[in-house]
Amino acid sequence: MQQSVTVILSVGKDRVDEFERGFREHELPVWQDLLSRKVLVRASLTPLEITTTGVEGAQQYMVVAVFATEEGHHAHDDHPGFQAWNKIADEYQVAGALAFGGDTMLQAGD
């Protein structure tokens, strides 16, 4: 069963460019690796324009990852590339991350 995970990050507005560059440099290769191994089904990074939990001085981002199985989530979190990026990304955040996830029950489209 697929597992979907969503994380909301609150990045300081003065660090947005650095964060986005770092995400492309560090996390995107992790996604590409997991996609090539069919562990990751799809993933996206979205700057939020709509939020009910805005953080003053922050640009919020929604990270969505859909894994082929629950083990995929662990493969991501244990990936050396993600572990390195996670430490770097913490420096850009001005509030704690919010994380949500579970087994995908319904989906439409790709």
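The values are calculated or read from the model by the stated rules, or taken from the named source; none is laboratory data. A quick note: this is a predicted structure, and the numbers were derived from the prediction, not measured. Cβ atoms come from the backbone with ideal geometry, glycine included; neighbour counts cover every protein chain shown. These accessible areas exclude ligands, DNA and RNA; they are computed on the full protein's heavy atoms, side chains included. Shrake-Rupley method; radii C 1.70, N 1.55, O 1.52, S 1.80 Å.
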Inset, instruction - Give me the net charge of Gln3's neighbourhood, meaning all other residues with Cβ under 11 Å from the Cβ of Gln3; Lys, Arg count +1, Asp, Glu -1. - result: -3
Legend entry - Distant-in-sequence amide H partners of Leu48 (H built 1.01 Å from N, under 5 Å): Gln60, Tyr61, Met62
Legend entry - Per-residue ³J(HN,Hα) for the stretch 13-22, Karplus 6.51 cos²θ - 1.76 cosθ + 1.60, θ = phi - 60°, Hz, x for Gly and Pro: 4, 7, 10, 4, 4, 4, 4, 5, 4, x
Inset, instruction - For the stretch 41-47, just list the computed ³J(HN,Hα) in residue order, Karplus coefficients 6.51, -1.76 and 1.60, θ = phi - 60°, integers in Hz, with x standing in for Gly and Pro. - result: 8, 6, 7, 8, 10, 10, x
Inset, instruction - Find out how many positive minus negative residues lie around Asp103, taking Lys and Arg as positive, Asp and Glu as negative, among other residues whose Cβ is under 13 Å from that of Asp103. - result: -2
Legend entry - Per residue accessible area in Å² of the chain, where ligands, DNA and RNA are left out and the probe is 1.4 Å: 62 Å²
Inset, instruction - Taking 7 Å along the Cα-to-C-beta vector as the label spot, tell me the Thr46-Met105 distance in nanometres, rounded to one decimal. - result: 2.0 nm
Inset, instruction - Please list, in chain and number order, the residues 5+ apart from Val41 or on another chain whose amide H is under 5 Å from its amide H, with Hs placed from the backbone. - result: Val66, Phe67, Ala68
Legend entry - Cleavage-rule hits (trypsin sites (Lys or Arg not before Pro)) in the stretch 1-109: DSSP loop, at most 12 neighbouring Cβ within 10 angstrom: Arg37, Lys38
Legend entry - Between helix 80-90 and the chain: long-axis angle, C-alpha atoms, 0 to 90°, nearest 10: 30 degrees
Inset, instruction - Please label the shape of the stretch 36-82 as rounded, prolate or oblate, based on the square roots a ≥ b ≥ c of the eigenvalues of the alpha-carbon gyration tensor (a/c under 1.5 means rounded; beyond that, a/b larger than b/c means prolate, else oblate). - result: prolate
Inset, instruction - Go through the stretch 65-77 residue by residue and turn each phi into a ³J(HN,Hα) via Karplus (6.51, -1.76, 1.60, θ = phi - 60°); whole Hz please, and just put x for glycine and proline. - result: 10, 10, 9, 4, 8, 4, 4, x, 4, 5, 4, 5, 5
Inset, instruction - Label the stretch 54-110 by shape, choosing from rounded, prolate and oblate, from the square roots a ≥ b ≥ c of the eigenvalues of the Cα gyration tensor; if a/c is under 1.5 it is rounded, and otherwise prolate applies when a/b is larger than b/c, oblate when it is not. - result: oblate
Inset, instruction - Could you grab the relative contact order for the chain? Cα pairs under 8 Å, six or more apart, rounded to a whole percent. - result: 49 percent
Legend entry - Column: log10 I(q)/I(0), Debye, Cα scatterers of the chain, q = 0.14, 0.18, 0.20 Å⁻¹: -0.56, -0.92, -1.10
Inset, instruction - Rounded to the nearest 500, what is the 222 nm mean residue ellipticity of the chain from helices alone, with -39500 (n - 2.57) per DSSP H run of 4+ residues and division by all residues? - result: -9000 deg cm²/dmol
Legend entry - Inverse of mean 1/r across different Cα pairs in the stretch 1-61, Kirkwood, Å: 13.1 Å
Inset, instruction - Using a Förster distance of 25 angstrom, determine the FRET efficiency expected from the C-beta separation of Val64 and Lys87, and round it to 0.05. - result: 0.70
